[in-house]
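To keep things clear, I will list the structure first and then write my remarks on it.
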Amino acid sequence: MKRIFYLMLIALVSGTMSIGAKSSKESVKFYVYLHCEDCVNKIMKNVAYEKGVKDIVCSIENQTVVVTYDANKTDVATLQAAFKKINKPASLTPPNNVATPHDHDHHHHDGHKHEHEHEHNHGHEHATES
């Protein structure tokens, strides 16, 4: 009987301890200049190992990094400092000059003649007149 009592007491105490230490998962989206896959690897090899970080999802296309973390172990300012350490400043707001996948310096010629000649190699073709 004493043995059952002690086992129940141990279970109760350890259950109470785990409830008090429950993690508080939060996610934050940072805007980070991600030039290439090496930028992503740099983040994954460094920021991913910061205390409290649970998951990281990087998007080169959107220039974002979503970090899921335990709010009991770290916070947004500490995470931003981790990005800064690897020369990848992380902002909570998108920069004004975020490049889109089709961002380049020329105007489109939709619906009108394209009389002048110059190279237009930017991932799509213009219609040609015959």
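What follows draws every value from the coordinates through simple rules; no lab data is involved. Keep in mind it's a predicted model, so treat the numbers as computed, not measured. Note: ideal-geometry Cβ built from the backbone for every residue, glycine included; neighbour counts use all protein chains shown.
How high is the FRET efficiency from LYS85 to CYS36, r the C-beta distance, R0 22 Å, rounded to 0.05?
0.65
Scan around LYS54 for amide H atoms under 5 Å from its own, H built in the peptide plane at 1.01 Å from N, and keep only partners 5 or more places away or cross-chain.
THR68, TYR69, ASP70
For an R0 of 25 angstrom, estimate the FRET efficiency from the Cβ-Cβ distance between ASN96 and SER27 and round to the nearest 0.05.
0.55
Quick one: of LYS22/LYS85; LYS22/LYS45; LYS45/LYS85, which pairs are farther than 18 Å apart, Cα to Cα?
The answer is LYS22/LYS85; LYS22/LYS45.
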